[in-house]
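Comments concern the structure below.
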Amino acid sequence: MSELYDTPESPRMTRAVQWLLALNIGVYFLQLTLFGPDAVYSALALDPARFPGNWWTVATYMFVHAWLAHLAFNMFTLWMFGPRLEHAWGTRMFVQFYLWCGLGGGIAHLLFAQHSSVIGASGAISGVLVAYALRWPDEEVYLFGVIPMKSRWLILALLVMNIIFALSPGSRIDWTAHLGGMAFGWIFLKLYSMGGINRVRGWVSAVPDESEDMPRAVPRGRPPMRDRSSGVDEVVERSNAVILRESKPLQHVPRQETTKEYAARVNRVLDKISQHGIESLTRDERRLLEEMSRKLRDE
């Protein structure tokens, strides 16, 4: 996986991942030194018998771990897969996604494993793995750090394993929390796709081909919905308004290029970002976004 982080576009460590690592390790240190495991479990573990009285534990349980190997495996997985997602999405969206998946793991435990309490970040981590596989399905990863396979097959293998173990009695690991994190991760991504970059791409594709007769005023109607979790989305939304207002092509667009042809170029760049991430853009494609950004700042 090291090749994924050797470029400036994919840093090995990002802000949210760094803080999540520090928080999980810090809680484990405190339970070993100042407070003891029993006190930490009592205050922070998610126990269906005490819920909803201890309502906060549906969030705090994901920052507590039972033993060192439990903590090390979860934090290593977060370190391996989290930074690239955070770099692609932005810190705010990544944190929202992580907590949402952890919440899904807690809800799944409350619904299907009410016989015991649960701790650990595995539900949130499982959601991160699902998101990684959906965004980069053909990346080569390693099952158990040994068996090479594409990320899509890794997630499928983990899903099958979790289902089998969840149906097997007597396990110390709450596999239902893993499945809940995966399910909530998938739901989050599906909901986001309904209003994110795909909607912007639809607006760009709908620009008419009558550049000489287009009105200067923006047509009435509902303005595009902004998705503040992605800087590229916001730039493209504003660029659509510029295209609609201008009766002639922008200065940096060749004179012979129509408005629809220019919009098609933007559309292709958006499609590439959606499928492969912003780091996959060529120099010319990045220049197109940079020129549009400068145009918007000069308004």
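The values are calculated or read from the model by the stated rules, or taken from the named source; none is laboratory data. Note that the structure is a prediction, hence the values are computed from the model and not measured. All Cβ positions, even for glycine, are placed from backbone atoms using ideal geometry, and neighbour counts span all protein chains on display.
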Flag for residue 16 being free of Cβ contacts under 8 Å to residues at least 40 places away in the same chain and either assigned to a loop (DSSP other than H, G, I, E, B) or not polar (S, T, N, Q) (or both): no
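Tell me the residue from 163, 155, 125 that is surrounded by 17 or more Cβ atoms within 10 Å (Cβ to Cβ), free of Cβ contacts under 8 Å to residues at least 40 places away in the same chain and out of contact with any Pro (no Cβ under 7 Å at 6 or more places or on another chain), please.
One residue alone meets the criteria, 155.
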Return the only residue of 97, 63 being in contact with a helix residue (DSSP H, G or I) (Cβ under 8 Å, 6 or more places away or on another chain) and closer than 30 Å to residue 147 by Cβ. 97
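Hey, among 69, 22, which residue is exposed (fewer than 15 other Cβ atoms within 10 Å of the Cβ) and modelled with pLDDT of 95 or more?
22
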Of all residues in region 128-152 being in contact (Cβ under 8 Å) with a residue 40 or more places away in the chain and surrounded by fewer than 17 Cβ atoms within 10 Å (Cβ to Cβ), which is nearest to the chain's Cα centre (by Cα)? 134
Quick check: anything in region 128-148 farther than 25 Å from residue 46 by Cβ, assigned to a strand (DSSP E or B) and aromatic (Phe, Trp, Tyr)? yes
So, residue 61, is that one in the same structural domain as residue 121 (by TED's automatic domain parsing), modelled with pLDDT of 95 or more, in contact with a strand residue (DSSP E or B) (Cβ under 7 Å, 6 or more places away or on another chain) and part of a helix (DSSP H, G or I) or not? yes
In region 72-117, what residues are over 16 Å from residue 56 (Cα atoms), touching a residue at least 24 places away in the same chain (Cβ under 8 Å) and among the aromatic types (Phe, Trp, Tyr)? 79, 81, 89, 94, 97, 98, 112
Out of 31, 96, report the one residue that is touching a Pro at 6+ places or on another chain (Cβ under 8 Å) and assigned by TED's automatic domain parsing to the domain that holds residue 14. 31
